[in-house]
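What follows is a set of notes on a single structure, which appears directly below.
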Amino acid sequence: MNRPVLATIAALTLLTASATAQANKAKEPEFEDRPLSSWVLDLKGLAPQTRNAAAYAISGMGPEAKSAVPALIDALKDPIAAVRFPVCIALREIGPDAEAAVPALTEALDDQNDDVAAMARKALLVITGKDPLAPQQ
């Protein structure tokens, strides 16, 4: 084969490989036409309502939002219970992929807000399959 034909074949092969890689690339999960990364940024918003809405939005993405777990762990330290509560819900909805949050959720069992503590317990039950407050045998 001559060089121009080989060059054309090589270029087409590269284009096909690039198009295939783009097609196989996982799309970032979305909620209300906003990507997960946008909601994660909102977890650090100034207004508690913004942080609350972000946590609820992330919870609506379920296990697909697993990349948000580190940000959700940080958000468990939020001074506002109305933010910590939906953060626990989001971690529960992510499920076993939120295993990195177990230590932070275990701390949240002692949250001064009873609703947050109860939701942390529910999250731990879903993530680990065990009730953290069940009597030990």
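Taking the residues in region 78-137 that are among the small types (G, A, S) and either free of Cβ contacts under 8 Å to residues at least 12 places away in the same chain or outside any helix (DSSP H, G or I) (or both) as candidates, determine which candidate is farthest from G45 (Cα to Cα).
Filtering first and then ranking leaves A134.
Condition (residue is surrounded by fewer than 19 Cβ atoms within 10 Å (Cβ to Cβ) and in a loop (DSSP other than H, G, I, E, B)) applied to region 47-57: is it met by at least one residue?
yes
Can you tell me which residues in region 55-97 are under 21 Å from G129 (Cβ atoms) and either touching a strand residue (DSSP E or B) at 6+ places or on another chain (Cβ under 8 Å) or of a type in the set (A, V, I, L, M) (or both)?
A65, V69, L72, I73, L76, V87, I89, A90, L91, I94
Would you confirm whether any residue within region 1-18 is of a type in the set (G, A, S) and modelled with pLDDT of 60 or more?
no
The values are calculated or read from the model by the stated rules, or taken from the named source; none is laboratory data. It should be emphasised that the depicted structure is a prediction, and the values quoted were computed from it without experimental measurement. Note that we place each Cβ from the backbone using ideal geometry, even for glycine, and neighbour counts take in every protein chain shown.
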